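Written below as structure tokens is the structure these notes are about.
The values are calculated or read from the model by the stated rules, or taken from the named source; none is laboratory data. In this text the structure is predicted, and so the values were computed from the model without any measurement. Positions of Cβ are generated from backbone atoms using ideal geometry, with glycine treated the same way; all protein chains shown enter the neighbour counts.
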Amino acid sequence: MKQIASPPNHSRRREGADSMAMSAAARRRRQAHGSVLIIVLWIALGLVAITLYFANAMSSELRAADNRVAMLAADQAIEGAARYVASVLTEQATNGIVPYITDYANEAVAVGEAHFWLLGRDFSQGAPNQIAFGLADEGAKLNLNTATVEMLELLPRMTPELAAAIVDWRDADSDITSGGAEAEPYGRLRPPYLCKNAPFDSVDELRLVSGATMDILLGEDTNRNGILDPNETDENRDGLADPGILEYVTVWSREPNLRSDGTARIRIGDRNAMQGLLRQAFNAERANQIMNRPGITNASSPLEFYTRSGMSAEEFAQIETEITTVGGPIIEGRVNVNTASAAVLACLPGIGDDKALELVAYRQANTDSVDSVAWVTKVLSAQEISQAGRLLTGQSYQFTADVAALGPFGRGYRRSRFVFDLSEGTPKIIYRQNLGSLGWALGRETRATWLATTTP
């Protein structure tokens with residue numbers, strides 16, 4: 001029987017092809033779904049990133065806004081502190097006599113939501129180891145425009161070369177003081193500048209003088225707050241911030257050469273005028289007794305007049321600010337013996353280190369009897385007074401307010417320095433300096449305490 005061949009299995013082939021086509025389509029669909037998923041994930045991640053970016057940006061903007069508000073508040077506190085100091089000096093300053101630094105111990109004084117501190121100096125025990133709050137007396141410092149080379153050389157950290165260069169910087173001529181500097185060293189600088197040959201206008205002008213290094217100017221106290229901070233180097237490992245010469249010098253110490261009624265003080269060498277003053281203060285007999293003392297009209301200073309007069313301290317206090325040995329309306333560069341540090345007093349002729357320490361010790365132990373300079377005779381001999389007397393005073397008319405301020409929650413730190421002058425009666429600001437670049441000045445303990453109690 002003839003066998004009939006089966007026809008080709010086209011249906012199976014079609015089924016296989018269809019199956020393969022369906023598998024490819026499925027794969028394409030799965031790939032498409034996977035691609036979509038990846039795209040969706042990337043979009044989601046992008047949206048999250050954008051959200052986080054904007055959230056962080058908004059947070060940064062809010063912090064920046066808070067900081068700006070805090071800085072503005074701190075600036076207002078600085079201005080408030082300046083007005084406060086002017087008011088206090090107006091009310092309490094009398095003829096160059098002001099309360100001691102402790103009477104101005106203002107710290108964390110509220111001005112709205114901000115606070116200010118008055119950073120003072122207390123060198124009564126040498127270099128301080130804790131912040132002193134209050135005003136600084138410019139009359140307690142050595143005047144850069146009047147001090148001699150010999151006096152300048154005795155300042156802590158001073159070099160003979162810098163002392164001579166200071167004199168050359170301020171004098172009008174081009175003659176070089178021994179070891180000093182005129183045009184030549186300044187001309188070698190890049191860029192060069194001229195030796196000023198005129199008085200200092202500010203203490204910070206010292207930075208321009210040949211030989212003035214930061215070590216000499218600032219010492220260990222690089223932020224000029226009076227204490228040793230963690231970031232400052234304790235060179236001699238005594239735990240104290242030994243200051244540079246900037247803490248001991250001024251350009252503003254001056255007092256009016258006027259009596260309390262505004263008229264010129266009476267010259268000690270004018271016998272008739274002195275006779276009249278003493279008769280008015282006491283009586284004719286007492287006036288004659290005083291004016292007949294040997295060498296009385298040749299005294300070089302009111303303090304030396306006192307040592308020769310036979311007067312009591314109480315009597316001298318009545319005329320102390322009425323008499324003078326110099327002419328002109330202003331006396332520059334005298335040092336207030338009631339407030340000066342031992343380091344400054346030691347620079348004055350006839351005193352030296354030992355007597356300077358004795359002077360400081362005496363006034364600390366006898367705070368009730370140092371209103372007049374007459375107490376100095378308890379420490380200095382007549383010969384020492386003849387040398388130092390013309391440079392000593394018991395009055396101060398210029399004061400510095402070193403003001404640090406914080407805005408709300410301890411933010412927006414600001415610091416400015418004001419110099420007030422009372423020589424014309426009403427306090428006026430004669431110098432202002434931004435000290436914010438020197439960094440934190442309130443000390444580690446103050447910072448920790450303040451932030452702990454004010455951080456939201």
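For segment 339-354, residues that are touching a Ser or Thr at 6+ places or on another chain (Cβ under 9 Å) and either buried (at least 20 other Cβ atoms within 10 Å of the Cβ) or of a type in the set (K, R) (or both) total 3.
Taking P294, is it of a type outside the set (S, T, Y) and in contact (Cβ under 8 Å) with a residue 40 or more places away in the chain?
no
Screening R432 on (1) under 22 Å from S341 (Cα atoms); (2) surrounded by fewer than 18 Cβ atoms within 10 Å (Cβ to Cβ); (3) among the charged types (D, E, K, R) shows it passes everything except condition (1). Anything in segment 280-331 that is of a type in the set (A, V, I, L, M, F, W, C) and within 16 Å of R265 (Cα to Cα)? List them, or say none. Scanning segment 280-331 gives A281, A299, L303, F305, F316, A317, I319, I323, V326, I330, I331.
Got at least one residue in segment 176-189 being at pLDDT 95 or above and crowded, with 22+ Cβ neighbours inside 10 Å? The answer is no; no qualifying residue exists. Listed by first and then second residue, the pairs linking a residue in segment 346-358 that is without any contact (Cβ under 8 Å) to a residue 40 or more places away in the chain to a residue that is surrounded by fewer than 16 Cβ atoms within 10 Å (Cβ to Cβ), with Cβ atoms under 6 Å apart and 6 or more places separating them unless they lie on different chains, form an empty list.
Suppose the filter is polar (S, T, N, Q) and in contact with an Asp or Glu (Cβ under 6 Å, 6 or more places away or on another chain); does Q395 pass it? So Q395 passes the test. Listed conditions (1) surrounded by fewer than 18 Cβ atoms within 10 Å (Cβ to Cβ); (2) among the hydroxyl-bearing types (S, T, Y); (3) touching a helix residue (DSSP H, G or I) at 6+ places or on another chain (Cβ under 6 Å); (4) touching a residue at least 40 places away in the same chain (Cβ under 8 Å) are all met by Y193, apart from (4). Checking every residue in segment 390-408 against the condition of being at pLDDT below 90 and either aliphatic (A, V, I, L, M) or farther than 24 Å from E247 by Cβ (or both) gives at least one match. For G112, state whether it is modelled with pLDDT of 85 or more, surrounded by fewer than 16 Cβ atoms within 10 Å (Cβ to Cβ) and not aromatic (F, W, Y). When the stated conditions are applied, G112 passes them. Checked against (1) part of a loop (DSSP other than H, G, I, E, B); (2) in contact with a Pro (Cβ under 8 Å, 6 or more places away or on another chain), S396 passes all but condition (2).
Per the listing D221, D201, the residue uniquely farther than 22 Å from P160 by Cβ, surrounded by fewer than 20 Cβ atoms within 10 Å (Cβ to Cβ) and acidic (D, E) is D201.
Specify which of the listed residues (L303, L277) is within 32 Å of the chain's Cα centre (by Cα) and either among the aliphatic types (A, V, I, L, M) or part of a strand (DSSP E or B) (or both).
Selected residue: L303, the only one of L303, L277 that is within 32 Å of the chain's Cα centre (by Cα) and either among the aliphatic types (A, V, I, L, M) or part of a strand (DSSP E or B) (or both).
Number of residues in segment 371-394 that are surrounded by fewer than 21 Cβ atoms within 10 Å (Cβ to Cβ) and under 27 Å from the mean Cα position of the chain (by Cα): the value is 1. In segment 254-269, the residues that are within 18 Å of A281 (Cα to Cα) form Cβ pairs under 8 Å with partners that are among the acidic types (D, E), at six or more places apart or across chains, as follows: R259/E322; S260/E322; R265/E322; I266/E322.
The condition (being among the hydroxyl-bearing types (S, T, Y) and over 25 Å from the mean Cα position of the chain (by Cα)) is satisfied by just one residue among T233, T250, T297: T297. Applying a threshold of 6 Å to beta carbon distances and a minimum spacing of six or more residues, or different chains, the list of pairs starting in segment 310-328 at a residue that is without any contact (Cβ under 8 Å) to a residue 60 or more places away in the chain and ending at one that is in a helix (DSSP H, G or I) reads F316/Y306; F316/A374; Q318/A281; I319/A281; I323/P302.
Condition check: over 21 Å from E153 (Cα atoms) and either crowded, with 19+ Cβ neighbours inside 10 Å or free of Cβ contacts under 8 Å to residues at least 40 places away in the same chain (or both). Does N336 satisfy that?
no
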